[in-house]
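Asker: So that we are looking at the same thing, I have put the structure below in C-alpha coordinates.
The values are calculated or read from the model by the stated rules, or taken from the named source; none is laboratory data. Worth saying up front: this structure is predicted, and the values here are computed from it rather than measured. Positions of Cβ are generated from backbone atoms using ideal geometry, with glycine treated the same way; all protein chains shown enter the neighbour counts. Protein only, heavy atoms only, side chains kept; ligands, DNA and RNA dropped before computing areas. Shrake-Rupley method; radii C 1.70, N 1.55, O 1.52, S 1.80 Å.
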Amino acid sequence: MDKEAVLAELEAEMARAALPLRESNLVFGEGDIDCKVMFIGEAPGETEDRLKRPFVGRGGQLLDRMIEGIGWKREDVYITNIVKRRPPQNRDPLPEEIEAYRPYLTRQIGIIDPQVIVTLGRFSMNYFLPEAKISRDRGRTFNIDGRIIYPVFHPAAALRSPDMMKGLQEDFQKLPSVVNGELVTSIVLPDARAGEKPKPKKTQQGSLF
Ligand code: URA
(Lines give C-alpha, C1' and ligand atoms only; values in the text may rest on other atoms or scores of the structure.)
Protein backbone atom coordinates (compact mmCIF):
# COMPACT_ATOMS: atom_id res chain seq x y z
CA MET A 1 0.00 0.00 0.00
CA ASP A 2 1.28 3.50 -0.70
CA LYS A 3 1.68 6.21 1.92
CA GLU A 4 -1.56 7.96 0.98
CA ALA A 5 -3.59 4.77 1.40
CA VAL A 6 -1.91 3.94 4.72
CA LEU A 7 -2.69 7.44 6.03
CA ALA A 8 -6.30 7.21 4.82
CA GLU A 9 -6.63 3.92 6.68
CA LEU A 10 -5.20 5.49 9.82
CA GLU A 11 -7.67 8.36 9.56
CA ALA A 12 -10.58 5.93 9.11
CA GLU A 13 -9.39 3.94 12.11
CA MET A 14 -9.27 7.12 14.20
CA ALA A 15 -12.77 8.08 13.12
CA ARG A 16 -14.07 4.71 14.40
CA ALA A 17 -12.02 4.60 17.62
CA ALA A 18 -13.42 5.51 21.04
CA LEU A 19 -11.12 8.52 21.41
CA PRO A 20 -11.83 11.52 23.68
CA LEU A 21 -13.63 14.67 22.47
CA ARG A 22 -15.85 12.77 20.04
CA GLU A 23 -18.43 15.55 20.14
CA SER A 24 -16.15 17.54 17.82
CA ASN A 25 -14.84 16.71 14.34
CA LEU A 26 -11.71 14.76 13.56
CA VAL A 27 -9.03 17.09 12.17
CA PHE A 28 -6.49 14.59 10.92
CA GLY A 29 -3.93 16.87 9.23
CA GLU A 30 -3.07 17.97 5.71
CA GLY A 31 -0.21 18.81 3.38
CA ASP A 32 2.56 17.11 1.49
CA ILE A 33 2.93 13.57 2.79
CA ASP A 34 6.44 13.43 1.31
CA CYS A 35 7.50 16.61 3.12
CA LYS A 36 10.77 17.19 4.93
CA VAL A 37 9.08 19.35 7.55
CA MET A 38 6.02 18.56 9.65
CA PHE A 39 4.40 21.23 11.86
CA ILE A 40 2.59 19.96 14.96
CA GLY A 41 0.27 22.14 17.03
CA GLU A 42 -1.81 21.53 20.11
CA ALA A 43 -5.44 20.85 19.15
CA PRO A 44 -7.96 22.25 16.67
CA GLY A 45 -9.85 25.43 17.52
CA GLU A 46 -13.34 26.49 16.51
CA THR A 47 -12.57 27.27 12.85
CA GLU A 48 -10.48 24.14 12.46
CA ASP A 49 -13.30 22.01 13.92
CA ARG A 50 -15.83 23.55 11.55
CA LEU A 51 -13.65 23.19 8.43
CA LYS A 52 -11.97 19.92 9.54
CA ARG A 53 -8.59 21.43 8.62
CA PRO A 54 -5.67 22.29 10.94
CA PHE A 55 -4.49 25.87 11.44
CA VAL A 56 -7.03 27.73 9.33
CA GLY A 57 -8.11 30.37 11.92
CA ARG A 58 -6.18 33.52 12.84
CA GLY A 59 -3.22 31.52 14.19
CA GLY A 60 -3.22 29.50 10.97
CA GLN A 61 -3.15 32.62 8.86
CA LEU A 62 -0.09 33.78 10.77
CA LEU A 63 1.49 30.35 10.32
CA ASP A 64 0.87 30.64 6.55
CA ARG A 65 2.52 34.07 6.49
CA MET A 66 5.53 32.74 8.41
CA ILE A 67 5.87 29.81 6.00
CA GLU A 68 5.59 32.11 2.99
CA GLY A 69 8.02 34.59 4.61
CA ILE A 70 10.84 32.06 4.23
CA GLY A 71 9.90 31.31 0.63
CA TRP A 72 8.04 28.07 1.31
CA LYS A 73 4.43 27.14 0.60
CA ARG A 74 1.89 25.65 3.00
CA GLU A 75 1.25 22.83 0.49
CA ASP A 76 4.90 21.75 0.72
CA VAL A 77 4.80 20.95 4.45
CA TYR A 78 2.49 18.76 6.52
CA ILE A 79 0.43 20.29 9.36
CA THR A 80 -1.31 18.47 12.20
CA ASN A 81 -1.91 18.54 15.98
CA ILE A 82 -1.14 16.27 18.93
CA VAL A 83 -4.85 16.12 19.84
CA LYS A 84 -7.04 15.78 16.78
CA ARG A 85 -10.38 17.02 18.09
CA ARG A 86 -11.29 20.39 19.59
CA PRO A 87 -11.41 20.60 23.40
CA PRO A 88 -14.54 22.46 24.60
CA GLN A 89 -14.13 26.27 24.75
CA ASN A 90 -10.58 25.80 23.43
CA ARG A 91 -9.37 24.72 26.86
CA ASP A 92 -5.90 23.16 27.13
CA PRO A 93 -5.80 19.48 26.19
CA LEU A 94 -5.76 17.18 29.22
CA PRO A 95 -2.87 14.76 29.77
CA GLU A 96 -5.19 11.78 29.21
CA GLU A 97 -6.39 13.27 25.91
CA ILE A 98 -2.81 13.76 24.75
CA GLU A 99 -1.99 10.15 25.72
CA ALA A 100 -5.10 8.76 23.99
CA TYR A 101 -4.07 10.37 20.68
CA ARG A 102 -0.37 9.54 21.07
CA PRO A 103 -0.35 6.11 19.34
CA TYR A 104 -2.04 7.62 16.28
CA LEU A 105 0.33 10.58 16.03
CA THR A 106 3.24 8.16 16.45
CA ARG A 107 1.99 6.19 13.45
CA GLN A 108 1.26 9.34 11.44
CA ILE A 109 4.83 10.58 11.99
CA GLY A 110 6.22 7.15 11.14
CA ILE A 111 4.31 7.02 7.84
CA ILE A 112 5.15 10.58 6.76
CA ASP A 113 8.70 10.24 8.09
CA PRO A 114 9.73 13.94 8.11
CA GLN A 115 13.32 15.05 8.73
CA VAL A 116 12.24 17.92 10.95
CA ILE A 117 9.29 18.33 13.29
CA VAL A 118 8.49 21.94 14.18
CA THR A 119 6.50 21.97 17.40
CA LEU A 120 4.10 24.91 17.70
CA GLY A 121 3.73 25.97 21.33
CA ARG A 122 4.53 24.39 24.63
CA PHE A 123 2.11 21.43 24.62
CA SER A 124 3.50 20.09 21.39
CA MET A 125 7.10 20.79 22.51
CA ASN A 126 6.57 18.99 25.85
CA TYR A 127 4.98 16.05 24.05
CA PHE A 128 8.44 15.33 22.57
CA LEU A 129 10.63 17.05 25.17
CA PRO A 130 8.95 16.81 28.59
CA GLU A 131 11.69 18.79 30.35
CA ALA A 132 11.93 21.64 27.84
CA LYS A 133 10.88 25.21 28.57
CA ILE A 134 9.52 27.20 25.65
CA SER A 135 11.17 30.51 26.57
CA ARG A 136 14.58 28.81 26.89
CA ASP A 137 14.44 26.09 24.25
CA ARG A 138 12.51 27.53 21.32
CA GLY A 139 14.66 28.03 18.26
CA ARG A 140 17.00 25.19 19.25
CA THR A 141 17.38 21.80 17.63
CA PHE A 142 16.93 18.53 19.50
CA ASN A 143 17.86 15.25 17.88
CA ILE A 144 15.48 12.48 18.80
CA ASP A 145 15.75 9.06 17.17
CA GLY A 146 17.33 10.55 14.05
CA ARG A 147 14.73 13.29 13.65
CA ILE A 148 15.18 16.97 14.46
CA ILE A 149 12.66 18.51 16.82
CA TYR A 150 12.56 22.31 16.53
CA PRO A 151 10.30 24.07 19.07
CA VAL A 152 8.87 27.51 18.28
CA PHE A 153 6.21 29.68 19.91
CA HIS A 154 2.58 29.00 19.12
CA PRO A 155 1.28 31.41 16.44
CA ALA A 156 -1.81 32.23 18.56
CA ALA A 157 0.49 33.24 21.45
CA ALA A 158 2.55 35.37 19.05
CA LEU A 159 -0.63 37.21 18.05
CA ARG A 160 -1.03 38.29 21.68
CA SER A 161 2.59 39.25 22.39
CA PRO A 162 4.94 41.41 20.27
CA ASP A 163 7.95 39.72 21.92
CA MET A 164 6.72 36.27 20.96
CA MET A 165 5.93 37.51 17.45
CA LYS A 166 9.54 38.67 17.13
CA GLY A 167 10.79 35.34 18.49
CA LEU A 168 8.58 33.36 16.12
CA GLN A 169 9.87 35.38 13.16
CA GLU A 170 13.49 34.84 14.25
CA ASP A 171 12.97 31.11 14.64
CA PHE A 172 11.30 30.82 11.23
CA GLN A 173 14.23 32.65 9.62
CA LYS A 174 16.51 29.88 10.95
CA LEU A 175 14.28 27.05 9.72
CA PRO A 176 15.87 26.63 6.24
CA SER A 177 19.27 26.18 7.95
CA VAL A 178 17.75 23.64 10.33
CA VAL A 179 16.46 21.63 7.35
CA ASN A 180 19.85 21.86 5.57
CA GLY A 181 21.52 20.55 8.70
CA GLU A 182 23.55 23.77 8.95
CA LEU A 183 22.09 24.74 12.28
CA VAL A 184 22.81 22.45 15.19
CA THR A 185 22.20 24.32 18.39
CA SER A 186 23.87 23.75 21.68
CA ILE A 187 21.48 22.77 24.42
CA VAL A 188 21.69 24.05 27.96
CA LEU A 189 21.78 20.83 29.92
CA PRO A 190 20.59 20.62 33.55
CA ASP A 191 24.11 20.92 34.99
CA ALA A 192 24.81 23.87 32.72
CA ARG A 193 21.68 25.61 33.98
CA ALA A 194 23.03 25.20 37.48
CA GLY A 195 26.04 27.33 36.59
CA GLU A 196 28.38 25.43 34.25
CA LYS A 197 29.02 26.68 30.74
CA PRO A 198 26.71 25.13 28.13
CA LYS A 199 28.44 22.34 26.21
CA PRO A 200 28.73 23.41 22.57
CA LYS A 201 27.32 21.29 19.72
CA LYS A 202 25.66 18.88 22.08
CA THR A 203 22.12 17.83 21.22
CA GLN A 204 19.76 16.49 23.82
CA GLN A 205 18.93 12.86 23.26
CA GLY A 206 15.56 11.48 24.06
CA SER A 207 13.03 9.08 22.75
CA LEU A 208 10.42 10.08 20.25
CA PHE A 209 7.71 7.83 21.52
N1 URA B 1 -4.15 25.90 17.37
C2 URA B 1 -3.59 24.68 17.28
O3 URA B 1 -2.77 24.30 18.11
N4 URA B 1 -3.94 23.92 16.26
C5 URA B 1 -4.80 24.29 15.31
O6 URA B 1 -5.06 23.50 14.39
C7 URA B 1 -5.36 25.56 15.43
C8 URA B 1 -5.03 26.36 16.45
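Asker: Among the listed pairs 84/133; 36/174; 52/133; 84/174, which are separated by more than 19 Å between their Cα atoms? All intermediate terms of the calculation are to be shown ahead of the outcome.
Answerer: On the way: 84/133 23 Å; 36/174 15 Å; 52/133 30 Å; 84/174 28 Å.
Where the Cα-Cα span goes over 19 Å, the pairs concerned are 84/133; 52/133; 84/174.
Asker: If I take all pairs of Cα atoms in the chain, what percentage of them are more than 26 Å from each other? Can you show the working numbers first?
Answerer: On the way: 6769 of 21736 pairs.
For the chain, the share of Cα pairs beyond 26 Å comes to 31 percent.
Asker: While we're looking at this one, here's another question. Mind checking the angle between helix 95-112 and the chain's longest principal axis? C-alpha axes, 0 to 90 degrees, to the nearest 10.
Answerer: For 95-112 against the chain, the angle is about 90 degrees.
Asker: Also, quick follow-up: What is the sum of charges around residue 180, taking Lys and Arg as +1, Asp and Glu as -1, for the other residues whose C-beta is under 11 Å from the C-beta of residue 180? All intermediate terms of the calculation are to be shown ahead of the outcome.
Answerer: Details: positive: 36, 174; negative: 182.
Residues near residue 180 contribute +1 overall.
Asker: What does DSSP give for the chain in terms of the percent of beta bridges that are antiparallel, rounded to the nearest 5? Walk me through the numbers on the way to the answer.
Answerer: Working: 5 of 18 bridges.
Antiparallel bridges make up about 30 percent of those DSSP assigns within the chain.
Asker: In the stretch 1-143, carbon and sulfur make up what percent of the accessible area (probe 1.4 Å)?
Answerer: Details: 3020 of 6530 Å².
Solvent-exposed carbon and sulfur of the stretch 1-143 make up 46 percent of the total.
Asker: Follow-up question, since we're still on this one. Any idea of the accessible area per residue across the stretch 35-192, 1.4 Å probe, to the nearest Å²? List each step's numbers first, then the result.
Answerer: Numbers: 6800 Å² over 158 residues.
On a per-residue basis, 43 Å².
Asker: Once amide H atoms are built 1.01 Å from N in the peptide plane, which residues 5 or more positions from residue 81, or in another chain, come under 5 Å H to H?
Answerer: Amide H neighbours of residue 81: 41.
Asker: Given the whole protein assembly as supplied and a 1.4 Å probe, what does the accessible area of residue 24 come to in Å², nearest 10?
Answerer: Its accessible surface works out to 10 Å², give or take rounding.
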